[in-house]
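The values are calculated or read from the model by the stated rules, or taken from the named source; none is laboratory data. Treat the numbers as computed from the prediction; the structure is a model and nothing was measured. All Cβ positions, glycine included, derive from the backbone under ideal geometry; neighbour counts span all protein chains shown. Heavy atoms of the whole protein, side chains included, go into the accessibility calculation; ligands, DNA and RNA do not. Shrake-Rupley method; radii C 1.70, N 1.55, O 1.52, S 1.80 Å.
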Amino acid sequence: MYCRVIVDIVHENVAKPFTYLIPEGMKLCAGQRVSVPFGAREKEGIVAGLTETCDVPPEKIRSVIRPLEDYAAITPELMALAEEMALQAHCPMAETLRLMLPAQMRGGRIRAKTIRMVKLAVSAEEAHAAAEKAKPGSKRALLLDLLGNGKPVSTQMLAAQVKDPGEALKKLEGDGIIAVYSEETLRTPEGAYILSGDPGYVLTPGQQEALEEILPCLRSKGGKFLLHGVTGSGKTEVFMKAVHETLAMGKCAIILVPEIALTPQMVSWFRGRFGAAAAVIHSRLSAGERYDEWRRIRRGEARVVIGARSAVFSPVDRLGLIVMDEEHESTYLNDRHPRYDTREVAASRCTRENATLILASATPSILSFARARRGDYILLEMMHRVNDRPLPEVEIVDMRQELEHNNRTVLSVMLRQALKECVEKGEQAILLMNRRGYNSFVSCRNCGYVVKCPNCDISMTYHIGDESGKLRCHYCGKEMLPPVSCPECGGRHIRYFGAGTQKVEEEVNRMLPDVPTVRMDYDTTGTKDGHGKILEAFRSGRARILIGTQMIAKGLDFPQVTLVGVIAADLALNLPDYRSRERAFQLLTQVAGRAGRGDQPGRVILQTYRPEDPVIGFAARQDYRAFFESEFRRRRNGLYPPFTVLARLLIESRREEAAERAAEDLERKVRETLLDHPAWQKKVLTVLKDTPSVKFLKSRFRRHILIKALVSRETDELFGALTEMASAGAENAEICFEVNPTTMM
Ligand code: ADP
Ligand code: ZN
């Protein structure tokens, strides 16, 4: 027998599987990891398939060295998925296969953890007799007593009760009374199994109707749904019921969330309901824990998987359901090579495995909603909150008028008043300021000079600290002291502009000195469980006001929150990206949805310098449909995605001339390629060489070539050619090809 092996090397020449001989007596199956000779080295690989015949001459064929596990690490369905993704991303399969295994498993960097176990090697009577003969109170007697009932005990447990049992155990083993052996064990992440049970809700009509559509599909061949439910409509309970049904059918479910640290409630709900059947995959797991959770899933011990996007590759055997909560979040796009959109991967998996897909959001992405309208997904709508709670009232404050009335602080008169009333009533408030630090830029009033990072074309943010304030680059992390005088003109009128979370925190504390607050942003959540501690302080009521960046806008369910203030609603709208309106609408609607989730109605105050902007209006009315229609029209008229595909070749170099030269060469090559392929050319709307809005980053100069094309098979082929062009590289410059990149900067 022979097998075809995909060797774990990413190189164009190694893109095809290699054939190896399976030595006599070795049993292998497709998907199994093996060790094979490759050139002069030994490499890991994955068996793609078995064959009876072989096209390699017998004197050249080499043999598999050994299997790395005695089971297939890659299930047949994941194998097919890896193949499909490799085709789409125009990359070797070795690369997409890597997505499907815990990183540390490769290269044998992680092994199953074993513990030493002890059990009787003789009958209970014989052991009893031996114990009688031993000196009373001796280690030997104590150990025999502990092992007397015949149950295996770990050496660790024994050592907890008998001091230094090593010698005595050795003796007992030597006498043939006990056996000592190793056993595999799983590293269980902290706090994994706390069961809280089912709250036994009476389903709302909306939940009921959604489930009536979903369950029949789940029970038959699967289906694809977009669940559009307003904030607080109880989407999680719909997922739970669907998961229950999936488990009852003997199948498995995968629940995807944008970022696990930001969804502690979702995780605890799932753990509470499904206990040890649930595996939670998050970035703070140790390598060992991650590997063990993966094995629990692979063995079918964990049948509900909760995790961020990479959990879509969980090796469950019988997939019944994939849920993607907050499907509009950009964290579902994997930016790194091989690039993929989790929504596409999930849909492909569900189709292949006859499973059901539920995409859910209060603010679906334009793309998904358009697809639902076209009939690709079944649209389910839950337009009311549970228990008939009203959606919060949203009031807009025009910050230009605050300025006219000489209020130069970040809090409007109305928001100040509302905050006071809220805490006086013993309720809680959330303030969104989508920018961290104290001031967002520092500039010279005399000549207009703005302090920028020496490595990046980005203005430095001022942060206050324990001792002194510092300027920090939010891109590369560079820190420096603020200048005393202007480096350009020598003037001494250095001014600080643009507020961030620290400034908001300071103003709130000044206004309400006795009210405890917490701040949640990138700077306060760096430590292990940083998010959890802050959210716990707020949940318990120890903190009354939560101030933070967009981290606080998603998915949190705090019934005591009756007031949400958005300090600068325009921030998101000002970004130079065709998606900025969509993102602003999502952020504002989501954060507004944090208010009034308990018995008390909620109030939202949106502070803006552009109250007339339609997006602010749609968000204030929480009118998704109206927003969708307006945005869909704008995209169609402007030929933006989903009507077209945007892609770019990004060129980076330490030397500006090299970047420019590479960009010119590349642009010429692209145009030549198009001339050679008229069918591709027909689908291309623009090819434009440009300097990105950020000219350099991390000391590398940048150029890009923007390509806008119609969605088509030809465009796909063109992108294949561009991927190859990018991987060929350029002199002194790096090229990277990106399709629908998450940022255009
Ligand atoms: P969404 O994700 O749609 O914003 P959640 O799933 O967080 O909403 O649900 C909001 C709150 O309503 C949660 O506290 C949840 O426990 C509660 N809830 C869900 N369904 C019901 C129900 N049928 N009856 C009462 N409370 C419910
Ligand atoms: Zn920098």
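Looking at the calculated P(r) for segment 637-745, what percent of the C-alpha pair distances fall above 21 Å? Everything past 21 Å amounts to 32 percent.
What is the calculated FRET efficiency for residue 376 to residue 682, with r their C-beta to C-beta distance and R₀ = 25 Å, to the nearest 0.05? Rounded to the nearest 0.05, the efficiency is 0.45. In this structure, residue 540 and residue 671 have a Cβ-Cβ separation that, at R0 = 60 Å, corresponds to a calculated FRET efficiency of about 0.45. In terms of its alpha-carbon gyration tensor, segment 296-372 comes out prolate; a/c meets the 1.5 threshold, and the first ratio a/b outweighs b/c. The mean sequence distance of close C-alpha pairs (under 8 Å, at least 6 residues apart), as a share of the length of the chain, puts its relative contact order at 10 percent.
Per-residue surface analysis assigns residue 269 an accessible area of about 100 Å², computed on protein heavy atoms at 1.4 Å probe radius.
Computed per residue of the chain from DSSP H runs no shorter than four, each worth -39500 (n - 2.57), the mean residue ellipticity at 222 nm is -10000 deg cm²/dmol. Our analysis of the chain gives Rg over Rh at 1.02, with the two radii drawn from alpha carbon positions and Rh computed by the Kirkwood formula.
What's the carbon and sulfur percent of segment 1-151's accessible surface, probe 1.4 angstrom, rounded to a whole number?
52 percent
Taken one residue at a time, the phi angles of segment 361-367 give Karplus couplings (6.51, -1.76, 1.60, θ = phi - 60°) of 5, 7, 9, x, 5, 4, 4 Hz. Gly and Pro are set to x. Net length available on complete extension from residue 83 to residue 160 is 22.6 nm, with 0.36 nm assigned per residue and the Cα-Cα distance removed. Between residue 29 and residue 133, the distance separating the two model label sites (each 7 Å from Cα on the Cα→Cβ line) works out to 4.8 nm. Taking amide H as placed 1.01 Å from N in the peptide plane, the amide H of residue 428 sits under 5 Å from that of 561, 562, 563, each at least 5 places away or on another chain. Two numbers describe the Cα atoms of segment 369-429: Rg and Dmax, which are 19.4, 53 Å.
Compare 682, 452, 503 by solvent-accessible area with a 1.4 Å probe and give them largest first, with all protein chains kept in place.
Values: 682 165, 452 95, 503 50 Å².
From most accessible down to least: 682, 452, 503.
Separation of segment 515-590 from segment 216-272 is 24 Å, based on Cα centroids. Across segment 396-408, rounded Karplus estimates of 3J(HN,Hα) from the backbone phi angles (6.51 cos²θ - 1.76 cosθ + 1.60, θ = phi - 60°) give 9, 10, 7, 6, 5, 6, 4, 4, 4, 8, 6, 8, 9 Hz, Gly and Pro being marked x. Rounded to the nearest 5, what % of the DSSP beta bridges within the chain are antiparallel ones? The antiparallel proportion sits near 60 percent. Considering only C-alpha atoms, what is the centroid distance from segment 137-183 to segment 647-713, in Å? The two parts, judged by their Cα centres, are 70 Å apart. If you take the Cα centroid of segment 395-442 and the Cα centroid of segment 56-126, the two points sit 55 Å apart. The stretch between residue 61 and residue 406 holds 115.8 nm of extra length on full extension. This uses 0.36 nm per residue minus the Cα-Cα distance. Once backbone amide H atoms are built at 1.01 Å from N, residue 178 has 121, 173 as its partners under 5 Å, excluding neighbours fewer than 5 places away on the same chain. If you check each cysteine of the chain for another cysteine whose beta-carbon is under 4.7 Å away, which ones come up empty? Those would be 3, 29, 54, 91, 217, 252, 350, 422, 476, 736, since no other cysteine Cβ in the chain comes under 4.7 Å of theirs. Each residue of segment 325-331 was assigned a 3J(HN,Hα) from its phi angle through the Karplus curve 6.51 cos²θ - 1.76 cosθ + 1.60 (θ = phi - 60°); the sequence is 7, 6, 4, 7, 5, 6, 5 Hz, with glycine and proline shown as x. Helix 124-133 axis versus longest C-alpha principal axis of the chain: approximately 80°, rounded to the nearest ten.
Answer rounded, prolate or oblate for segment 364-482, using the Cα gyration tensor with square roots of eigenvalues a ≥ b ≥ c: rounded when a/c is under 1.5, else prolate when a/b is larger than b/c, else oblate.
oblate
In this structure, the residue pairs whose Cα-Cα separation is over 30 Å, taken from 452/689; 43/689; 27/119; 221/682, are 43/689; 27/119; 221/682. Is segment 216-337 rounded, prolate or oblate when judged by the Cα gyration tensor, a ≥ b ≥ c being the square roots of its eigenvalues, rounded requiring a/c under 1.5 and prolate requiring a/b larger than b/c? Judged from the Cα gyration tensor, segment 216-337 comes out rounded (a/c under 1.5). Each Cα pair under 8 Å and six or more residues apart adds its separation to the average, and for segment 230-305 the resulting relative contact order is 34 percent. For the Cα trace of segment 467-522, dividing Rg by the Kirkwood Rh returns an Rg/Rh value of 1.06.
Per-residue SASA remark: residue 328, around 20 Å² accessible (1.4 Å probe; ligands, DNA and RNA not included). Heavy-atom accessible surface of residue 2, to the nearest 10 Å², is about 50 Å², with a 1.4 Å probe and all protein chains retained. Database remark: amide H of residue 318 closer than 5 angstrom to the amide H of 252 (H placed geometrically; neighbours at sequence offset of 5 or more, or on other chains; Pro and chain starts carry no H).
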